[in-house]
Amino acid sequence: MKLERMKLPQFSGNIRDYPRFRSDFEKQILPELESGKVAYVLKSCLEGEAFDAIYNLDDDVTKMWKRLDEKYGLPSKLVDVVVYDIKNIKHLQEGDDQSFLELINTVEKGYQDLARINMESEISNSGTVSLIEERLPRDIKREWSGEVNRSTSKVEQKSSRVFSNSFKNKERL
């Protein structure tokens, strides 16, 4: 069986995609390259504003990564984007299962993105949990409140997995 050759990872400037892009490049691509080709291949993986950010750096891979890290790799920027996405979800009404599922997916994606940079505690701190709770419909908020009160752990130690697992498997979804 002949498999299609894997495509190079692409990065266009979305802060949420940067940790995965950098990890994929370093683990999958870099070991296969001769040192003289790294800059060329890195540039070929970039598009849009990410490419523009390193375009003038010639073949200095160290400077390229430094510039990309400064622009897209700061943990505080990723945390801000995740919190912003949660804030942009409207307050849910009872019975609005589609929007509730969207909230769950947003929280899970945020958790995974933050876990890649070992910052998953940011989505389970009291401020972020409060943002999530504000968006819950009354019926779900009651269930969530009961779940939190039954648990022996602190809110800061809860991850989005508790939130997701509590409700994702509900029959109504």
Quick one: would you say Gly13 is on the phi > 0 side of the Ramachandran plot, modelled with pLDDT under 90 and either polar (S, T, N, Q) or outside any helix (DSSP H, G or I) (or both)? no
Test Ser23 against the stated conditions and say whether it is among the hydroxyl-bearing types (Ser, Thr, Tyr), surrounded by 12 or more Cβ atoms within 10 Å (Cβ to Cβ) and closer than 23 Å to Gln10 by Cβ. yes
Residue selected from the range 95-119 under the condition more than 25 Å from Leu74 (Cα to Cα) and polar (S, T, N, Q), by the criterion surrounded by the fewest Cβ atoms within 10 Å (Cβ to Cβ): Gln98
Could you tell me which of the residues Val82, Val38 is under 13 Å from the mean Cα position of the chain (by Cα) and under 22 Å from Pro19 (Cα atoms)? Val82
Tell me, please, whether a residue that is hydrophobic (A, V, I, L, M, F, W, C), touching a Phe, Trp or Tyr at 6+ places or on another chain (Cβ under 9 Å) and not assigned by the TED database to the domain that holds Ala39 can be found in the range 89-99. yes
Checked the range 30-55 for anything surrounded by fewer than 17 Cβ atoms within 10 Å (Cβ to Cβ) and within 30 Å of Tyr84 (Cβ to Cβ); matches are Glu47, Gly48, Glu49, Phe51, Asp52, Tyr55
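The values are calculated or read from the model by the stated rules, or taken from the named source; none is laboratory data. Here the structure is a predicted model, which is why all the values come from computation and not from measurement. Note that each Cβ is placed from the backbone with ideal geometry, even for glycine, and that neighbours are counted across all protein chains shown.
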